Structure formats: C-alpha cells, structure tokens
1. Indicate the gyration tensor shape class of the range 17-138 (rounded, prolate or oblate), computed on the Cα atoms with a ≥ b ≥ c the square roots of the eigenvalues: a/c under 1.5 is rounded; otherwise a/b larger than b/c is prolate and the rest oblate.
2. DSSP loop trypsin sites (Lys or Arg not before Pro) in the range 105-208 with at most 16 other Cβ atoms within 10 Å of their Cβ, which ones?
3. Would you mind checking the tilt of helix 136-145 against the longest principal axis of the Cα atoms of the chain, expressed as 0 to 90 degrees and rounded to 10?
4. Only bridges with both residues in the range 13-201 count here: give the DSSP antiparallel percent, nearest 5.
5. Please state the shape class of the range 50-208: rounded when a/c is under 1.5, otherwise prolate if a/b exceeds b/c and oblate if not, all from the C-alpha gyration tensor.
6. Could you work out the Rg to Rh ratio of the range 1-88, with Rh taken as the Kirkwood radius (inverse of the mean 1/r over all Cα pairs)?
7. In the range 108-208, which GluC sites (Glu not before Pro) fall in coil by DSSP and have 14 or fewer other Cβ atoms within 10 Å?
8. Over the chain, with the other protein chains present, what is the accessible area per residue in square angstrom, probe 1.4 angstrom?
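The values are calculated or read from the model by the stated rules, or taken from the named source; none is laboratory data. Treat the numbers as computed from the prediction; the structure is a model and nothing was measured. With ideal geometry, Cβ positions are generated from the backbone for all residues, glycine too; neighbour counts draw on all protein chains shown. Just the protein is used for accessible areas: all its heavy atoms, side chains included, with ligands, DNA and RNA removed. Shrake-Rupley method; radii C 1.70, N 1.55, O 1.52, S 1.80 Å.
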Amino acid sequence: MTVSIRSFIKRRPGIVFIVSAPSGAGKTTLTRRVLDVHPDMCLSVSCTTRAPRSGETPGEDYHFVSERVFRRMLDANEFAEWAEVHGSLYGTPRRMLESRLRKGQDVLLDIDVQGARQIKQHFQGAVAIFVLPPSLDELRRRLAARGTDERRTIHQRWQRARHEIQEIEGYDYFIVNRDVEDAVARLAAIIAAEGVKVCRFIPKRKPG
Ligand code: 5GP
C-alpha cells in the first residue's frame, strides 16, 4: 500500500443498504433501531401517494404527495427506483440518495422487492438484506395482532408476503426476526462488515 492509512480509510464512497421484508416482519423497528448503532448512516425518506397513518410525521416517515405530483416527479426522472405497493406509489428521491453517497455517507433504504431489484441493477455494490418472520404462521399472527387491518386485508398482506419471499434469491443476506435485539445486532454486524471490505476502498475493484 503506497498511500497513507489516513487517506486510504477516508476514500470509500457511501454504500446503499436495502432492507426489505413482508409487512409484519418488523422491519420498521429494525431500521430505526440500527441507526442507534450506526448513527452516521441515514435513512432515506421516500415519497408516497398513500395517506399518512396516525403518528406519522410528513418529511420524517415519508414525503406524502398526490398522485399527480408523484407522476410528475417520475416523468422528470426524480426517483432512483419506484414501485406500486398495496395500491399506492412509493419512490426513493434520487438527488438525496446520490448526493449522500457522493459524500461517503451510507444510506439505508426501507423498500419493497421491486425497488430492491432496480437499486441492485443501478447502484453497484448495493447490499440487499431480507428480513424474514420466523414462520408464515407467525407472520399471520403478527399481522392480525396489529389490529389495524380488516381480515381481508390481513389475508392479502399474508398472500403478498408469501409471494415476496420467493424474491429472496436476489438478496445478499437474510435475517430471521425472532427476537428484535438479536435481529438488530445481526443487521448492525452486516452493515459494519460491508463497510470495511477492502475492495470498497480501492477504485475499480468490484465488491464481491
Ligand atoms: P408502508 O406503507 O407500510 O410504510 O410500506 C409499504 C411497503 O412499501 C413496505 O414494504 C415498504 O418497504 C415499501 N416502501 C416504502 N418506501 C418505498 C420506496 O420508496 N420504494 C419502494 N419500492 N418501496 C417502498
């Protein structure tokens, strides 16, 4: 190594971490909690056409926009990826993502399997992590226990989960969310390990 240690460890560009999971797998808690372990990382705030739920803060949980605004942004190529999920549109603002990566900041995207596929295609070195519930029966129990959805919606979400789990092959890691503390520790460990891969510090060498 001909460069100084200081300049070597400074050189790495930011990493995109994708976390996907079927609804009810506990992903939101995980992505929020892992930021306590990795406070330098930032969580991307998506745009969505769905209505805010109680307790959600615009600009913090999502940028809530009308379908007209969303489609205009889409036409202007303002999304790094986008998808329709449960009848609403969701997208990751491109400018925010790219400027953070350029500054060397790691960004966590809480997005679905369709979005994950697009990001893996366009952002070299992106790391995709799939969060699984311990079983499909347990997932059904968790969806019902939330008490926020009707039986039909619960069944639809459960069916969708079964479908989404088929996409796990396109991911780099999986975490079974049996116990929150354990799952947070595993996610934090993946993020830490990916951040010190030597290939990420050497331009032109692809992360493997
Ligand atoms: P929720 O409406 O329950 O917050 O999210 C529903 C689903 O949409 C979740 O699976 C979440 O990961 C996904 N999602 C949230 N934001 C985005 C986004 O910007 N792009 C994509 N593709 N999916 C998203």
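1. Rounded shape, in that the Cα axes give a/c under 1.5.
2. Taking the range 105-208 and a limit of 16 other Cβ atoms within 10 Å, the loop trypsin sites (Lys or Arg not before Pro) found are Arg146, Arg178, Lys197, Lys204, Arg205.
3. 70
4. That works out to approximately 30 percent antiparallel.
5. Verdict is oblate for the range 50-208.
6. Here the Rg-to-Rh quotient is 1.08.
7. Passing both the DSSP loop test and the Cβ count: Glu150.
8. On a per-residue basis, 58 Å².
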